[in-house]
Structure formats: structure tokens, C-alpha cells
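What follows is a single structure, written as C-alpha cells, with notes after it.
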């Protein structure tokens, strides 16, 4: 974890605090990276005048893959890994994210989502740790048809900052027969899975963008996919082995894009208590009935719907069928989602903030952050949020350290408005 100099004590005065159950105008004291009290005396602390602003827990991002665009900003154009990760770290801080789980895809594809790139990211994060602003962790987004990733997963699970393990199967999804909607695809491991016509021009067109990402010709990419498909009989055993490793490391586990109750039941039985981006209402209800955490994308909430046609995040939140919002492919979407949901009165602001701080922290077994409370880590976000306007981060603190600041020349007397 990053170590930086921290002031002996800091007092943030006059902000509207987003507490677990209410908004309260008060001062907040930070010492040695922790929150030590609300409405305490100054006692020689460095004072920050935050009147008219909103102070909330910084975001805990359970799944973000926007870092991929720093590594490959255009198809076939790659940037040195350390440069890309340093830039990503600064984007995270500027968007109020103090804890980020990078959704690192470990696939049989060459290129951006290859195991080779995964090793490069893992090693670079280790080297960069003393220089990073926020807490950069990994979500090992494992393609279950990729046994080449097993060694990397085992290594990562032994790192001090325990990663999460997410089970993905985009191979089976890609090969689904077009007569069946993606949201209705059967459980991935059934014997008689409905496979597409490999010679269909529409299938080749669909694979074109994936091939470009992998730096391959489309026909070559499809041939590789078909060779990988021959591993299908081994996938269930591989899932069992990797989930056992994750359980031993007490790593949180997620299953991705579940479409059937059978799929959710299968991964839950292996210890995956988080349903990430369910694609059908029946899966949401099954997950809720069984006490699983349910994750949806913040872009879904910010834009007013899913770009894939999955259930609306706002609708699921209204029905208590969503616990967590993740940045997914756009880091500013977390704050943007909270702002839109608040404007549409989907829930009070303290309840909405649970989706992006306390709940992901709990789901990821991070008991020291996610709320404003004495004794917890001082991961905080100071916001300028004008009435009927778009909120903007002014400062981010990570364990009491100033991770980001846009306060220079900024008025601190505008009344806070988003207080319900």
C-alpha cells in the first residue's frame, strides 16, 4: 500500500457530511489517516473551510476496465504499461475513487486481454505501489476457457492486497446461436449448447472488433476460438480448482453476466457471492433471495439504461435488486449515476451513496472504509454540487492523504444543495 506524509491532524469544517443514514452539516477531523471525530475542537489541526460543499465517503470501485483505454487508446496502438497505470491512477483520484479494482481480463486472446498483458499489469502495479495515489487492486476477470491464467491467478492471490476473482465466459457467449437472445442464453456448461453457424457472415462481422483488439485477422481469430472451444470438457474442473484457491485466500468471488438461475446457483456453490451485471430479471430475484450482492454498471444508471439491453439500474435499485454500482468502462460514471438517481428521486442521497462506498467495501471484505465514521480510514470526497447542476470533485483524500485537489481559486461559500 502507498505510504506518503500525512499532516498530524486535519479538520474539514462546515461541509454537509453524507453519513450512513442522514446528511449533517459538521466538521470532520482526520489524524494518522483515520477519521477521529465529528464536530471536534480544532486543537491545532490544519483547517479546511468546506462550507457550502458536500463531504462524502470516497468511492470503492468493484469493477473498472477503463484502464484498458490507457494501455490501448486505439486498436493496435499500445502504451507502456507503467505510463498507462500512472495516468489511470490520477484519473481515479480525480473522479473520487480511493479504492479501485481493475477488471483485468485474463483471456486466451493475444494482445490487450492476454495473460501476458495480465502479468505485465500485475508486476507493474507491484513496482509502482509506492508512487500510486489511490489503492489500486485487481479483479482477476478470468475467462474460464483460459487455463494459461492459472499460474497468474495463484500468484496474485498471494499478494498482500488480496484481489477479487471474477468468472467470465465470453467464449460460450460469443458462440451462441443467433436465434437465442443473449439475455436468454442457457447455462454455459450444458451439454447441448446451441452453437452458431461458424460460416455465417454475421458471426464473422461480430468477431471483427474482437480480432482487431487481439491484433489478428478475423478468420485467424475464429480459428483460435474454435480450438479453445475444444477445451470445454475441462472448464468445470478448472473452475473448481480456481475457486478453491480463492476460498483459501479468502478472496471475494463474482460471476459475470449470469442469464439463468442455474448459472448463479453454480457459481454461488463455488463461493461466488457476488452477481456482477446479471442479464435477466430471474437472476436478480434469485440472487436477492439467496443473499448475494448484486452489481450493476454506473453507466447504466447515468445514461438511463443499459447499452446491452440489460435491466435498468434505476429500476433495479427502486426494487431493492441492486446493491452496488461499478464504474465499468467510464470512471466519472459513478458520480454521474449518483447525481442522476438523486435528481430522479430514486432514493435519498445517503442510501444512494451506500451503492458506491459502503456496500462494495463490505462485498469485497474491506471493513476499514466506505463510510464516514470514527475509526475508519479517511477515504473522502469533497464535492461542489450547485443546485440543478452537475457535481464535480474538488478534493479526494486516500487514507488521509490529499490524493487530488481542484480547489485553487475556487469559491468555498456556495451553499450545498444536494442534501436529501
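Computed quantities for the displayed model
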| read-out | value |
| --- | --- |
| Tilt relative to the chain, helix 201-214 - C-alpha long axis, 0 to 90 degrees, to 10 | 50 |
| Helix 81-94 vs. the chain, principal-axis angle (Cα, 0 to 90°, nearest 10) | 50 |
| Kirkwood estimate for segment 242-362, i.e. one over the average of 1/r between Cα atoms, Å | 14.4 |
| Percentage, to the nearest whole number, of Cα pairs in segment 292-415 over 17 Å apart | 60 |
| Kirkwood Rh and Cα Rg combined as Rg/Rh, segment 96-216 | 1.05 |
| Cα-Cα P(r), the chain, percent of pairs per 10 Å interval | 5, 22, 31, 25, 12, 5, 1, 0 |
| Residue of 329, 101, 193 that the Gaussian network model of the chain assigns the largest fluctuation, springs spanning Cα pairs under 10 Å | 193 |
| Theoretical FRET efficiency, 1/(1+(r/R0)^6), r = Cβ-Cβ of residue 87 and residue 390, R0 25 Å, to 0.05 | 0.60 |
| Within a Gaussian network of the chain (alpha carbon springs, distance under 10 Å), most fluctuating of 206, 53, 244 | 206 |
| Isotropic mean projected area of the C-alpha convex hull, segment 166-296 (nm²) | 8.6 |
| In Å, descending, principal axis extents of the Cα set of segment 82-140 | 33, 19, 15 |
| Residue 41-residue 368 FRET efficiency (beta carbon distance; Förster radius 30 Å; 0.05 resolution) | 0.75 |
| log10 of Debye I(q)/I(0), alpha-carbon scatterers only, for segment 8-115 at 0.11, 0.14, 0.18 Å⁻¹ | -0.53, -0.71, -0.89 |
| Ellipsoid semi-axes in whole angstrom, largest first, where each is sqrt(5λ) of the Cα gyration tensor of segment 315-356 | 16, 12, 9 |
| Angle between the chain longest axis and helix 115-128 axis [Cα atoms, degrees, rounded to 10] | 20 |
| Ranked list, fewest to most other Cβ atoms within 10 Å of each Cβ, for 387, 148, 31, 220 | 387, 220, 148, 31 |
| Per-pair calculated FRET efficiency, R0 = 22 Å: residue 308 and residue 180 via Cβ, rounded to 0.05 | 0.90 |
| GNM flexibility winner over the chain from 360, 110, 299 (Cα, springs under 10 Å) | 110 |
| Rounded to 5, the percent of DSSP beta bridges in the chain classed as antiparallel | 40 |
| Distance (nanometres) between label positions extended 7 Å along Cα→Cβ at residue 281 and residue 200 | 2.7 |
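All of the numbers you see were taken from the coordinates with simple rules; none came from a lab. Just so we're clear, the structure is a prediction, and the values are computed from it rather than from any experiment. Virtual Cβ from ideal backbone geometry, glycine too; neighbours counted across all protein chains shown.
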